[in-house]
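Worksheet: one structure, shown below.
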Amino acid sequence: MPLGRQATLTGLLKGGSSSGAGSSAGSGSGSGSGSGSGSGSGDGGGVPFVKKWPKFTKEDFEEANTLLATAIYCCNLPMTIVEHPDFLKFIYGVAPWMQGKLIGRKALATTMLDKVYGMTRKEVQQFLDKQVEGVLGDWQLKEKTVSFVTDWGSNMMKAGDSLKEMLGNYVGSVNCLQHLISNGLKDFAKNESLASVISKAKEVVQYVTGHCAPRAIYDEKKKELHGTALIKAGATRFGSNVLAMESVERNEKVLRATVGSAEYDAYIQKQSKAADKAAAVKIKGLINDTSSTLFSDTKWAVDTLAPFQSAIKEVEGDTAKLSDAYYTLQVLNKHVKKIKAVQGSLVHVLEDDDTPVQTQLLALDFVNSGFDEAWEQRTKQACTDMVVAAAILDPRYKHKIDSMPPEDLTRGEAFIEKLAGRMFGQEGQIKATQDWDHSGLSGLQLSERGISSVEEYIANRKERLRQKDELLAYLARPDVSGEDKGYARCAYLLRNGKLPFQCRQCFLLPGNCVCGRVAKVTPCTKLVVSMHPDEWGKGSNTGCLAAASLAGAAMLMRGHKEHDEQLQALLEDPAYTCAMLWPGEDALEPQQLLELSQQRGTRIALIALDGTWDCARKMKSRPLRKYQGNAAANGRVCTLEAVAGALLALEGDAAMHEGLLHALKLKVDAMRRQKHMAEVYGTTAAYE
């Protein structure tokens, strides 16, 4: 009896004429007696007897169907088996009570499959957790481990999530840089131009190495011309495609000699099938046709991608350190910027090298494909706080700290503090910070932050640390509402900003502050910059300069209690016609907004949402009238440009418009100086 519940359901069955030793319900003919209730008659004369069947619940049938489905999945049986007459005969013979309750093929392929998958996944997760926890316990690693490296496979990422919960002192993981760079190359290959070059090079390698006669001819020519072996691209590591293209470019003479030989022509003629002959002719055309640009295309692709493959070699294995990973990424970032920078002059550069026009077009198409933005996302994934901290602490790179971007330096130092706190407690954390600050803070970093001494810097960091601890303690309280926690986060950000010592108006370090160089103008329109908390304090933000340049303007943080009240008061003020600067089909034209304010006899209040597009969309919830500002030629403008365009359309003051755009140039150059990059507009020289 499969599920073991005691029977209460009875059925009346008549005895048959079969012989045997008896059953639990009695026997037919014969003299044996059963061990259950009921009895049989020797002559099978039709004496009725009662056979007891189990009484099953809905859960019992569900369990039986689950076990059956699991067996079908694990044995790799077709799901249509549940509709096969012989299978049904078997099931109903063994368990007649399953008639009308047996799972169908559709449920087997949908809901039941999802259920069994979920159960199996949970069992595997529990097993892995138990094994990992056992290893951590046996080696006493739970309290000692603060981080780990994980592969990019989805299963490895999920295992990493479970591991985080087991580690009491976990501070952050490190992504596998080798896989990250390889995935970055995959991102690049989404561009059709680059993908076509990779495809042609792989096709040549696979054909020559995969056919006996061409391979023999190639080997002979390789010896004559001192060539090397062709490298086939691997199935899993995308970086091997670069190695394959390098081998094609390196062996151009050998490949041309191979397909241009009499032996290869004879090989073509021997092909009996039209498809085989066409494939051989195609490879010859790719390599030797005068119109083919295989080798110039491959050279361009190798020059573009080879630094990434070299970086993969540098970071793989057991010898590479986290600090090496950071500076390897910096080298690759410079390479990406170099490729992007030659966009305007690329054609002339290639023309000087007698590069075919087709290759020039491929290069230009790749440069305009947004490859740099895709790589920037990969870099953010790789440069975790742990990696940046390692680059700061490694004495081999002490001389490079001054050139490290301030944002990286700040978050790296913060991570060092956090790690020190986990390892040594609060007092040890402050001591470790002091030791580091005294030994590692350069004069350039002090001047950029406007700090008179290291002691002032340490005192500021202590105060920030104290306030942060208070905030974390407050956020951990279960009796505090989510709304109040949000207010507390915004209040902390308003007091401290994102960087220590940064200017509260332009969000730059004091050594690069532009507030004193921005011309102040008085518009007729009142401007309110409603800024998302994630945008507040960013050095690259431009909305802050809009508020600094316009008299009567306000910069409010969305989510800060007092700022939200100020914005609400403005919306309810009858003296203003409020409009939100946001693109949309139902947006008002400038003249319509002016006419509306004149009809009401009110002043226009323009509310500019400041944040990333995703953040701004979340903020766009109030029922305001919207005004569509004029976008630049490429359709992408920053907050300050959008405000300048809107005010020009509303007020027609060209001088004010030029002043706002000049403020933007000041901010761009100052931000680039802060990142130790060359200025774009040369505003410092003009100012001096």
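The values are calculated or read from the model by the stated rules, or taken from the named source; none is laboratory data. Just so it is clear, the model here is predicted, and its values are computed rather than measured. So basically every Cβ, Gly included, is an ideal-geometry build from the backbone, and we count neighbours across all protein chains shown. Quick note on the areas: whole protein, heavy atoms, side chains included, nothing else; ligands and nucleic acids left out. Shrake-Rupley method; radii C 1.70, N 1.55, O 1.52, S 1.80 Å.
List of remarks:
- Cα centroid separation, the range 260-324 to the range 469-498: 58 Å.
- A straight Cα-to-Cα reach below 15 Å connects Lys665 with the aspartates and glutamates Glu641, Glu679, residues fewer than 8 places away in its own chain not being considered.
- Flagged links, alpha-carbon separation over 31 Å, of Lys232/Lys675; Lys158/Lys338; Lys58/Lys89; Lys221/Lys340; Lys190/Lys418; Lys89/Lys115: Lys232/Lys675; Lys158/Lys338; Lys221/Lys340; Lys190/Lys418
- Backbone N within the range 484-510 under 11 Å of label point (7 Å from Glu463 Cα along the Cβ vector): 496, 501
- Long-range HN-HN contacts of Met580 with modeled amide H, under 5 Å: Ile607, Arg625, Lys626, Tyr627
- Listed peptides 102-109, 497-504 by packing density, highest first (mean Cβ within 10 Å): 497-504, 102-109
- In this structure, His399 and Glu456 have a Cβ-Cβ separation that, at R0 = 30 Å, corresponds to a calculated FRET efficiency of about 0.75.
- Derived scalar couplings ³J(HN,Hα) [the range 108-123; Karplus, 6.51 cos²θ - 1.76 cosθ + 1.60; whole Hz; x for Gly, Pro]: 5, 8, 10, 5, 5, 4, 5, 5, 5, 4, x, 5, 5, 4, 5, 5
- Rounded if a/c under 1.5, otherwise prolate or oblate - the range 42-198, Cα gyration tensor axes: oblate
- Rounded to the nearest Hz, the phi-derived 3J(HN,Hα) couplings of the range 241-253 under the Karplus curve 6.51 cos²θ - 1.76 cosθ + 1.60 (θ = phi - 60°) are 5, 5, 5, 5, 5, 4, 5, 5, 4, 5, 10, 4, 4, where x marks glycine and proline.
- Relative protection proxy for 546-552, 228-234, from highest mean packing down: 546-552, 228-234 (other beta-carbon atoms within 10 angstrom).
- The mean sequence distance of close C-alpha pairs (under 8 Å, at least 6 residues apart), as a share of the length of the range 181-248, puts its relative contact order at 37 percent.
- Backbone amide hydrogens, once placed in the peptide plane, bring Arg237 within less than 5 Å of nothing, excluding anything fewer than 5 places away on its chain.
- For the range 127-135, 3J(HN,Hα) computed residue by residue from phi via the Karplus equation (6.51, -1.76, 1.60; θ = phi - 60°) reads 5, 5, 4, 5, 5, 5, 4, x, 5 Hz, glycine and proline entered as x.
- Segment Asp484-Leu361, length gained on full extension (0.36 nm per residue, minus Cα span): 38.7 nm
- Here the peptides 364-373, 202-211 are ranked by packing, the mean other Cβ count within 10 Å, and the order with the highest first is 202-211, 364-373.
- Residue order by solvent-accessible surface for Ser272, Ser182 is Ser272, Ser182, largest first, with ligands and nucleic acids left out and a 1.4 Å probe.
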